[in-house]
Structure formats: C-alpha cells, structure tokens
Amino acid sequence: MRGFMVVDSVHAVFLMGILSIAHGQSTNTNANVKNGSHVSALYVLGDSSVDCGDNTLFYPLLHARLSLYPCNGSDATLLPHLLAEKIGLTSIRPFYGQNGSLEEVLGGLNFGSTQATIMNQGSYSHQSLNQQLRQVSETMQLLQLQLSDDTALQFIKSSIFFLSFGKEDYVELFLHNSSSSNQMFRQNSKNFATILVNQVENAARYLYNANARKIICLGILPLGCTPRMVWELNSTPAGDYNANGCVEHVNDLVFEYNRLLDEQIAKLNTEFSDAQIVFCDVYNGMMKIINEPRLYGFEDVKNACCGLGLNGAVIGCVSKDMACDHASTHVWWDLFNPTPAVNEILADAAWSGLPIPDICHPITVHELGSAPLGMLWKPLLY
C-alpha cells in the first residue's frame with residue numbers, strides 16, 4: 001500500500017487542477033491532422049526504454065548499478081517521443097512533471113518509469129506495470145469528469161497507448177542468475193517468458209476495457225548485445241558469444257519472449273475486431289543494425305558511448321562529460337540503452353517500414369495513426 005500513497009497524493013493535486021478549469025473554457029480535443037493523423041494523444045507506459053529518469057521519483061539517489069544519465073538528452077530522444085513527433089504531438093509530459101491542467105492531460109502523458117518491471121510491485125523509486133495502469137485508469141476517469149461522456153469516449157478511442165515492458169525483468173533475471181546452472185536457467189526461461197507475456201496481454205485487455213482502441217506493444221531489444229550484459233556474463237561457456245560479441249543464450253531467451261508476445265497480440269487482434277494492436281519488434285530491428293552497422297552509419301557496436309571500464313560497461317553514465325565525442329557512430333549509449341541515432345532509425349522504421357521493413361505489424365504506426373475511428377482495418381493475412 002505504501003507504493004500507492006505517492007500516486008494518490010499526486011492524483012489529489014491533479015484532480016484539483018482539472019476541476020479548477022472553468023466548464024465554459026474552450027478545449028481542443030480533436031485528433032491531430034498532421035501527416036494525416038487521427039490521433040488525439042499518446043499515453044506511454046513502460047520502463048527505461050521510455051523514461052530517462054525524469055518520471056522516476058528519487059532516481060538520482062537510487063540509480064544504483066544503472067546510469068545517472070541513461071539518455072543522451074531527454075525523453076525526446078526515445079522511441080515513443082520520436083513517434084509522437086511524427087504523429088504531430090509535441091507536449092507529452094512526464095506523469096510526475098505535469099501540473100494537473102486539462103491541457104497537459106489532453107496532450108498525452110508518459111507514465112513510464114526507469115527500472116519499472118512487470119513482476120515486482122514497484123516502490124517510491126519507480127512504478128510497476130500495475131501501478132502505471134492504475135494511473136492511466138484514474139487519468140481517464142478524470143477526463144470523463146471534465147469532458148462530456150461522449151467527448152471523453154471518442155478522445156480515448158482515438159488516442160494511442162504505448163506499452164514497453166519486460167526489459168528490466170530480464171535484466172534482473174539474467175544478472176541474478178549469471179552464476180546458476182545454465183541448463184536449469186534455460187528450462188525455466190520459457191515459463192518466465194510466458195508469465196511476462198500473460199501480464200502484458202492482461203494489460204492490453206485492461207486498456208481495451210478502458211476504451212483504448214489503438215495500442216502499440218514494444219518488444220525487448222537484444223539484451224545479449226548490451227555492454228553491461230556482455231561484461232557481466234563474461235564467464236559464460238566458450239562459444240556462447242557470436243561473431244558480434246553478443247551473448248547468444250541471452251538473446252535466445254529474449255527472442256522467445258518477443259515471439260510469444262507477437263503471437264498473443266495476433267490473437268488479441270482477432271478477438272478485438274474494433275481495435276488494432278501493433279507489435280513492434282525492436283529486437284530484429286537492432287540486430288539488423290548490429291549485423292550491418294556501416295550500412296546504417298554506425299562504427300561501434302560494442303562500446304557504450306557513456307561509461308567507464310571495459311566497453312564502458314563497468315560504471316554507467318554518471319556524468320555527460322564522460323560521453324564519447326561522436327555518439328551517433330555508436331549503437332549503445334550506456335549500459336543497456338541505445339543511442340538516439342539508433343532510436344531515430346527504429347522510429348523511422350516503425351513509422352513507415354523504412355529503412356528496416358516489418359518492424360511493426362500487422363500495420364505501421366503511420367497506418368495506425370491515420371485510421372479514423374470506426375475504420376481500424378484488419379489485413380486479411382496476419
């Protein structure tokens with residue numbers, strides 16, 4: 001219960017802010033029209049893949065083995081925010097950084113929290129998946145208090161809800177089990193993936209029941225190639241590293257999670273005929289970059305741009321002054337996170353299918369955003 005006390009106090013301020021707006025005030029709740037978009041807002045849930053620490057309480061004090069600066073800049077360099085810019089949305093505020101005004105809520109919110117996991121309950125330092133879902137639900141209820149029921153319903157249905165979880169669960173699993181029996185670890189890994197995927201599926205159902213009709217689920221990046229994972233697991237059996245220096249058994253297990261999530265999303269799309277749920281496979285997207293870095297303008301696929309020790313993986317980015325001179329030539333920014341240059345390529349691919357095709361399916365993010373309500377289409381073949 002203690003983890004929810006902070007949330008409740010924020011919501012109290014949030015509620016007062018919304019109710020203080022005069023009912024006669026004109027508020028634009030229409031969907032954006034930039035790039036043919038029919039998206040009213042973007043609501044982001046997730047872990048460090050969507051939050052640089054700005055939305056994680058006390059993060060500078062509790063970053064532990066992570067980086068004090070996990071992003072080169074701000075949240076604007078991360079995938080959901082780059083996609084928001086393409087959609088025409090420019091004011092997605094961190095949940096804990098908004099002032100409770102209706103305008104900020106209507107512009108979209110980032111509920112994501114660095115170190116957030118699917119399995120753990122969360123704490124004062126970060127919000128779990130379930131806590132973020134609660135924040136979303138209460139935010140949607142507050143919209144209904146301020147707007148008419150019909151207006152709020154149409155606004156929610158025409159908004160995109162972005163989910164990106166699982167990365168931190170696997171980081172904890174791999175690092176805590178690095179010295180355990182590989183055979184036992186691998187036998188249990190599929191069960192672990194199934195449990196995580198079932199929770200993300202439940203989250204998608206929860207959002208659907210809250211009237212969300214446009215949902216994006218992000219897969220997990222190739223953790224076996226991250227500088228910290230390679231350094232931590234340097235005692236794995238000979239031959240477990242591939243030609244690019246990635247830990248293959250780690251990538252295999254992450255790949256299994258992504259495969260199961262992709263399959264489950266396909267089933268949800270069949271079940272929810274009036275919704276479109278898009279799976280974005282950043283794993284395969286990043287592996288294409290890692291396997292052919294020069295094709296995409298990169299030179300270094302092993303070293304963190306900002307970090308100390310072997311491959312910049314021993315100590316995270318505790319100061320931006322530690323960063324390399326040319327971050328755009330690196331695949332990895334710090335221990336576990338890609339550089340903005342990688343995120344930009346992934347955002348382009350998710351949006352249009354170029355320069356890397358089929359990252360997002362069954363449709364691209366552009367197609368998801370341009371589909372008006374009532375016209376969310378399903379391809380004949382998934």
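Here, each number is a calculation from the coordinates, and none is a lab measurement. Just so it is clear, the structure is predicted and the values come from calculations on it, not from any experiment. A quick note on method: Cβ atoms are made from the backbone with ideal geometry, for glycine too, and the neighbour counts reach across all protein chains shown.
Quick look at the values:
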| quantity | calculated |
| --- | --- |
| When each of K190/K302; K214/K267; K86/K288; K167/K190; K86/K214; K190/K288 is checked by Cα-Cα distance, pairs over 21 Å | K190/K302; K86/K288; K190/K288 |
| Normalised per residue, the volume of the convex hull around the Cα set of the stretch 34-368 (Å³) | 126 |
| Proximal charge balance of E201 [Cβ under 12 Å; K/R count +1, D/E count -1] | -1 |
| Cα convex hull of the stretch 235-350, projected area averaged across orientations, nm² | 9.1 |
| Loop-located GluC sites (Glu not before Pro) in the stretch 251-337 whose Cβ has at most 15 other Cβ within 10 Å (DSSP) | E299 |
| Cut-off 12 Å between beta-carbons: net charge of the residues surrounding S352, Lys and Arg +1, Asp and Glu -1 | -2 |
| Charge context of S113, other residues only, Cβ under 11 angstrom, K/R +1, D/E -1 | -4 |
| Other-chain or far-sequence residues with amide H under 5 Å of N110's (modelled H) | V44, R93, F95 |
